[in-house]
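Structure first, commentary second.
The values are calculated or read from the model by the stated rules, or taken from the named source; none is laboratory data. Just so we're clear, the structure is a prediction, and the values are computed from it rather than from any experiment. All Cβ positions, even for glycine, are placed from backbone atoms using ideal geometry, and neighbour counts span all protein chains on display.
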Amino acid sequence: MSEMTDFNGISSEWNPDWFLTDEQKDLRERLIELCHTTLHPNAIEFDQTYEYPRRNMEALASMGLLALHVPKKYGGLGQNHVCVAMVLETIGRYGCPSTALVYTMHLLSVSALLFRAEGNPEIEAVLRRLNDDVFIGTASYSDPETGSHFWYPMASKAEKTDDGWRVHKKSSWTTSGGYADFYVAQTSSPDFDGDFANLSVFLVMKDEIVSHESTWSAMGMRGNQSGPIEINGVDVNKDRMVGFPGDGATSNDEALDPIGLTMFAASYNGIALAAMDIAKGQTTRKVHKDVGMRVADYPTIQDYVGECLMDTEASRLYTFGVAQALDMNTDNCDWTRHGREPDWTPRTELLHWTWMSKFISCKNVYNVLDKMLQACGGSGYKTSLGLERLLRDGKAGWVMGPTNEVLRQFVGKAALLGMESLDYWNQVPNESVLQNEVKKLDDDAKQKLIDQLQASMKKQAVE
Ligand SMILES: Cc1cc2nc3c(=O)[nH]c(=O)nc-3n(C[C@H](O)[C@H](O)[C@H](O)COP(=O)(O)OP(=O)(O)OC[C@H]3O[C@@H](n4cnc5c(N)ncnc54)[C@H](O)[C@@H]3O)c2cc1C
């Protein structure tokens with residue numbers, strides 16, 4: 001048993017270590033040490049001061065982690081999806097949830113770049129700077145017009161110029177907004193004709209965006225500094241389009257969502273474990289002298305921990321299992337093959353498994369936090385124990401896009417009616433609802449509808 005991984009919390013025999021290689025276990029040991037000395041003490045401070053966790057990102061860069069899954073040919077560690085999940089779980093558990101979120105959005109932007117890196121000098125230059133320059137990226141997708149439907153960027157457009165593209169975007173939320181060095185942003189495509197499935201992806205730099213940093217004020221995740229940003233008609237050269245015009249939807253399904261959802265799941269599993277670590281410390285320390293028992297000796301408290309640990313282990317096994325499937329499908333996370341085979345989309349077929357991963361983890365974490373707070377009594381309610389900070393941070397998982405409401409509906413609808421029923425871009429009319437509503441109209445109302453439709457068709461023909 002490892003002393004480093006224990007830290008008086010739930011002991012390491014409860015870790016599903018059969019997913020990890022020896023090299024990955026060694027990386028985890030070193031990362032836990034870094035969390036202990038640096039990330040965790042900073043987490044408490046950042047929660048109080050709203051400081052952006054750049055110092056923690058510098059610490060991660062010192063271990064090469066800003067290029068964790070970047071191929072070795074670009075100077076990265078060349079690690080796989082399982083390792084990405086392990087690193088996020090470890091930062092969530094022993095380090096700092098805000099840093100886990102900032103780091104997730106960083107690796108997410110790097111994933112979008114890796115998908116189309118081959119032969120693109122702008123992207124390759126960014127990839128080589130990640131650790132040496134602590135070059136932090138983020139993904140700017142959520143749109144003020146469409147809320148958590150981040151794949152639907154209405155307040156955006158792109159135009160073709162003589163030597164590249166002009167990018168316009170309004171984004172309602174961007175973790176690291178104004179603090180990150182580069183931004184991967186999605187807009188409708190330069191040849192947009194009303195079809196919002198026609199999306200393109202751009203690489204934009206810090207000095208090209210308008211941001212409102214330090215305005216973030218929220219329940220938790222206080223270091224993540226998520227804020228609105230604008231890209232106001234910025235001219236970029238042709239290589240700053242990531243992929244090709246119209247590549248955005250494929251990029252979402254292949255590069256962003258499967259890895260992003262896996263990272264969210266792993267981080268929130270880490271936060272659930274952190275809550276149980278704290279509860280173990282508190283309930284084994286606290287003695288009720290009248291009955292001569294520690295709080296941990298009460299069967300009620302054991303039941304809380306037993307059930308929460310089983311639920312969390314199910315979520316961890318699920319997350320690591322899906323990460324392993326992603327590795328199996330991608331030649332162990334070989335991004336370079338996308339350059340040789342641009343149509344190769346091995347993660348996409350596992351996308352629905354990653355939806356479930358995020359849903360399960362973000363549902364579980366809140367239950368665990370609630371129960372651990374109860375197990376710790378009034379002491380749990382106090383800031384000093386650290387549980388209330390985790391509870392505030394942990395709630396972010398459920399509301400982050402795709403939100404758990406949306407994921408639950410995706411899964412139920414797709415399971416019942418097929419994947420094609422999802423209609424992300426609201427393009428397919430629901431014929432049965434339409435017919436049913438028309439059935440309710442009398443003749444006058446039907447005629448009014450016919451007139452309205454004809455007027456609308458005439459207007460469209462003129463336009
Ligand atoms: C801490 C934090 C950091 C973030 N960082 C980023 C970032 O870096 N980049 C980025 O692009 N975005 C980011 N986001 C935005 C996030 O991904 C969501 O877009 C955002 O939380 C949605 O908020 P909203 O108020 O627009 O919700 P709304 O979309 O208005 O949702 C309100 C409610 O409606 C529900 N709802 C929405 N659609 C449906 C539906 N079809 N069926 C049923 N219910 C539905 C939602 O689940 C929710 O309960 C961040 C959010 C947070 C909280």
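Here is how the numbers come out for the structure above:
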| item | result |
| --- | --- |
| Total residues in segment 163-190, condition more than 19 Å from the chain's Cα centre (by Cα), buried (at least 24 other Cβ atoms within 10 Å of the Cβ) and among the hydrophobic types (A, V, I, L, M, F, W, C) | 1 |
| Cβ-Cβ under 8 Å pairs, at least 6 apart or on other chains, segment 141-159 side within 13 Å of Ile231 (Cα to Cα) and among the aromatic types (Phe, Trp, Tyr), far side outside any strand (DSSP E or B) and within 6 Å of the ligand (Cβ to nearest atom) | Tyr141/Phe150; Tyr141/Gly401 |
| Residue satisfying all of: in segment 218-245; over 20 Å from the mean Cα position of the chain (by Cα) and within 30 Å of Trp398 (Cα to Cα); surrounded by the most Cβ atoms within 10 Å (Cβ to Cβ) among these | Ile231 |
| Single condition Tyr179 does not satisfy, out of (1) in a loop (DSSP other than H, G, I, E, B); (2) within 11 Å of the ligand (Cβ to nearest atom); (3) modelled with pLDDT of 95 or more; (4) closer than 18 Å to Met105 by Cβ | (2) |
| Yes/no for Asp193 being surrounded by fewer than 24 Cβ atoms within 10 Å (Cβ to Cβ), away from the ligand (no atom under 16 Å from the Cβ), over 19 Å from Pro144 (Cβ atoms) and free of Cβ contacts under 8 Å to residues at least 12 places away in the same chain | yes |
| Where Gly92 falls short, out of the listed (1) of a type in the set (Gly, Ala, Ser); (2) away from the ligand (no atom under 12 Å from the Cβ); (3) in a strand (DSSP E or B) | (3) |
| In segment 196-210, the residues that are surrounded by fewer than 21 Cβ atoms within 10 Å (Cβ to Cβ) and assigned to a strand (DSSP E or B) | Val204, Met205, Val210 |
| Subset of segment 127-162 that is buried (at least 23 other Cβ atoms within 10 Å of the Cβ) and of a type in the set (Val, Ile, Thr) - its residue that is nearest to Leu199 (Cα to Cα) | Thr138 |
| Only listed residue being outside the structural domain of Trp151 (by TED's automatic domain parsing), modelled with pLDDT of 95 or more, more than 16 Å from the ligand (Cβ to nearest atom) and surrounded by 10 or more Cβ atoms within 10 Å (Cβ to Cβ), chosen from Ala375, Ala396 | Ala375 |
